[in-house]
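These notes are about the structure you will find just below.
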Amino acid sequence: MRAVTAQFLFEANTFSPLEVGMDMFRDGGTWLEGAAAVRRASEAAETQTGGSLRAFEAAGWSCDPVFLAVCGSPSGRLSRACFAEVREAFRRCLGPALPADAVVLHLHGAASAVGEDDVEGALLSLVRDELGHRGRLVLSLDLHANLTRRMSRLADAITAYRTMPHVDLADSGARAARLAMARGPLERSVAKLKAIVPPTDTTHWDGRFAHMLGLARAAEGRDGVVDVAILPVQPWLDVDEMGSAVVVTGTGGRLDGVARALAEEWWSQRRLWGADIRSWDEIVSRLLTKRERPWVLVDAGDATSGGSEGTSAEALARLLPHADSLPGPVLLCVVDPATVAAARAGARTFTIGVQRVPLEAEVMHVGDGSFHASGRLYPGRPFSMRGAAVLAHGDLRVVASCSPTMVIDDAFYACVGLDARNALSVQSKSIMSWRAAFAAEAGDGLYFDGPGQTPIDVRRARFSKAGRGCFPLTDEPSEPIEAWRYPA
Ligand SMILES: [Zn+2]
């Protein structure tokens, strides 16, 4: 028996004005064609593809991992040209590898392009309708997928990450391979939930979302249930069919009841969902205590890991008056190519970020800002700021970069000569991933809000499509849980 895999990961934030081109994959991320190159990459860093490959081969199947692309950072929509290039790569790589007994597609689930809200549905359609794949088709997704009817109809089985921050990439890949090898026909029952869950309420370690994941695991292995995916959708997505979802893959009439019961339990939590945003007075008073582990300053409004541009210098503006009175270094970061260029040219005065914060500073470092993630998040995977400079002012160190990255961890700061472990505080432009990136505890995080495209209160974003009907944009949606069933 033989399987083929392809992996394409990109998360859109449709409120970002940026369009994503091929450079965000080829220079800032990963773009590999052909089984030999993909195999090498899967040995060097943990990937979904690697997890699938090992599971297939352990079971005596052969597997051709023909394509692997990962965008350097979530951002706005894919450009038309970039999306055309992705489709062409699927044809070029998957076409000659078919027919196969099974195809596993590792896709994000919240990719959108200019002119196409549902990129993953379009890629599934390409594999089924254009390339004519008739064997089993397994869809493995990110936790933040926006599941559509087309995706649910065209895939035979659907699974997704079970962790947030996402530290189960290879496990998800192995699970997808097991679904591909499972005997007998598979059905999908989906409970689509008209709700946007704040990311602060979606960690697998503790709290309300951990409870939901526990219920999902308990439902598996009985009543015909093989796999349950719980999908709190990427919140900043103004697209058709927007919403969270519970997806149950298995066989038999009891799947629908399992999906609905889980969705109802999740829905019942909605009045408790929230975020722990701090005032700057409170943040400054916390920072006066130096501890063994650094405080993590979490920029909830401008999370590059959620597709925001990363150009807000809110923390710098707020901490500048305290730059000489803190008990240790505070490491900040901002996407600001003009500042990198000025630092290269030998400037001593700068205006930083969208706030245009005036700053007199010494340039400590200028470089390309390339690193391999070293925390528990995407360990070993290469990232690049595509140009970086470090500015020093009092206890503040500002890393200005030319491009956003989706991981900000020890290695992000180390590659520009800064020691995050011994800092008083480090900034993260990620709402939850910092816990894995810095091996931090929940109490280490100090959340603040500011400009950017990831407002933690989504009512601040201007939704025009289906998201408008989701809680909390609508306080009481008329039909909060929609049931889908495939095959019908
Ligand atoms: Zn995600």
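The values are calculated or read from the model by the stated rules, or taken from the named source; none is laboratory data. Everything quoted here is computed from the prediction, not taken from an experiment. With ideal geometry, Cβ positions are generated from the backbone for all residues, glycine too; neighbour counts draw on all protein chains shown.
Scan 40, 77 and give me the residue that is charged (D, E, K, R) and more than 18 Å from the chain's Cα centre (by Cα).
Criteria check complete, one pass: 40.
Within region 44-79, which residues are among the basic types (Lys, Arg) and surrounded by 24 or more Cβ atoms within 10 Å (Cβ to Cβ)?
77, the sole residue that qualifies.
Find the residue count for region 173-196, including only residues that are in contact with a strand residue (DSSP E or B) (Cβ under 8 Å, 6 or more places away or on another chain) and over 23 Å from residue 48 (Cβ atoms).
Number of matching residues: 8.
Checking the condition touching a residue at least 24 places away in the same chain (Cβ under 8 Å) and either aromatic (Phe, Trp, Tyr) or closer than 27 Å to residue 407 by Cβ (or both), which residue from 263, 303 passes?
Working: 263 fails: either aromatic (Phe, Trp, Tyr) or closer than 27 Å to residue 407 by Cβ (or both).
The match here is 303.
Looking at this structure, is residue 450 out of contact with any strand residue (DSSP E or B) (no Cβ under 7 Å at 6 or more places or on another chain) and surrounded by fewer than 21 Cβ atoms within 10 Å (Cβ to Cβ)? Spell out the reasoning first.
Details: out of contact with any strand residue (DSSP E or B) (no Cβ under 7 Å at 6 or more places or on another chain): no; surrounded by fewer than 21 Cβ atoms within 10 Å (Cβ to Cβ): yes.
It is false that residue 450 is out of contact with any strand residue (DSSP E or B) (no Cβ under 7 Å at 6 or more places or on another chain) and surrounded by fewer than 21 Cβ atoms within 10 Å (Cβ to Cβ).
Hey, can you tell me all the residues within region 380-401 that are at positive phi and in contact with a Pro (Cβ under 8 Å, 6 or more places away or on another chain)?
Step one: list which residues in region 380-401 are at positive phi, which gives 380, 386-387, 394.
Residue satisfying the conditions is 387 alone.
In region 280-319, how many are among the β-branched types (Val, Ile, Thr) and assigned to a loop (DSSP other than H, G, I, E, B)?
Matching residues across region 280-319 total 2.
Can you find even one residue in region 159-166 that is among the polar types (S, T, N, Q), farther than 21 Å from residue 251 by Cβ and within 16 Å of the ligand (Cβ to nearest atom)?
yes
Of all residues being at pLDDT below 95 and surrounded by fewer than 21 Cβ atoms within 10 Å (Cβ to Cβ) in region 19-29, which is farthest from residue 403 (Cα to Cα)? Just the residue, please. If you could, list the steps in order and put the result at the bottom.
Looking only at region 19-29, we keep the residues that are at pLDDT below 95, and these are 23-29.
Add one more test, that the residue is surrounded by fewer than 21 Cβ atoms within 10 Å (Cβ to Cβ), and what stays is 23, 26-27.
Values: 23: 11, 26: 13, 27: 11 Å.
Here the answer is 26.
Please go through region 403-459 and give me each residue that is polar (S, T, N, Q), within 25 Å of residue 273 (Cβ to Cβ) and assigned to a loop (DSSP other than H, G, I, E, B), ordered by number.
430, 433, 453, 454
Of all residues in region 356-391, which are crowded, with 17+ Cβ neighbours inside 10 Å and over 28 Å from residue 48 (Cβ atoms)?
357, 359, 361, 363, 365, 366, 387, 388, 389, 390, 391
Go over the candidates 208, 254 one by one and state the one that is in contact with a helix residue (DSSP H, G or I) (Cβ under 9 Å, 6 or more places away or on another chain) and surrounded by fewer than 21 Cβ atoms within 10 Å (Cβ to Cβ).
208
For region 317-340, which positions are closer than 18 Å to residue 368 by Cα and free of Cβ contacts under 8 Å to residues at least 40 places away in the same chain?
338
Does any residue in region 156-176 that is under 23 Å from residue 57 (Cβ atoms) and without any contact (Cβ under 8 Å) to a residue 60 or more places away in the chain come within less than 7 Å, Cβ to Cβ, of a residue that is within 15 Å of the ligand (Cβ to nearest atom) and small (Gly, Ala, Ser) six or more places away or on a different chain, and which pairs are these?
Within 7 Å, the pairs are 161/172.
Out of all the residues in region 103-136, which are within 15 Å of the ligand (Cβ to nearest atom) and in contact with a Lys or Arg (Cβ under 6 Å, 6 or more places away or on another chain)?
Of everything in region 103-136, just one residue is within 15 Å of the ligand (Cβ to nearest atom) and in contact with a Lys or Arg (Cβ under 6 Å, 6 or more places away or on another chain), namely 112.
Considering only region 297-318, state which residues are crowded, with 22+ Cβ neighbours inside 10 Å and farther than 20 Å from residue 388 by Cβ.
Within region 297-318, 298, 300, 301, 306, 307 meet the criteria.
Which of the following residues is more than 25 Å from residue 251 (Cβ to Cβ), surrounded by 24 or more Cβ atoms within 10 Å (Cβ to Cβ) and within 16 Å of the ligand (Cβ to nearest atom): 139, 169? Walk me through how you get there before you give the answer.
Details: 139 fails: more than 25 Å from residue 251 (Cβ to Cβ).
Going through 139, 169 in turn, just one is more than 25 Å from residue 251 (Cβ to Cβ), surrounded by 24 or more Cβ atoms within 10 Å (Cβ to Cβ) and within 16 Å of the ligand (Cβ to nearest atom): 169.
Within the group 218, 210, which residue is away from the ligand (no atom under 15 Å from the Cβ), free of Cβ contacts under 8 Å to residues at least 24 places away in the same chain and in contact with a Ser or Thr (Cβ under 9 Å, 6 or more places away or on another chain)?
Sole residue among the options that is away from the ligand (no atom under 15 Å from the Cβ), free of Cβ contacts under 8 Å to residues at least 24 places away in the same chain and in contact with a Ser or Thr (Cβ under 9 Å, 6 or more places away or on another chain): 210.
Listed residues 191, 97, 174; which is more than 16 Å from the ligand (Cβ to nearest atom) and in contact with an Asp or Glu (Cβ under 7 Å, 6 or more places away or on another chain)?
None of the other options fit; the residue is 97.
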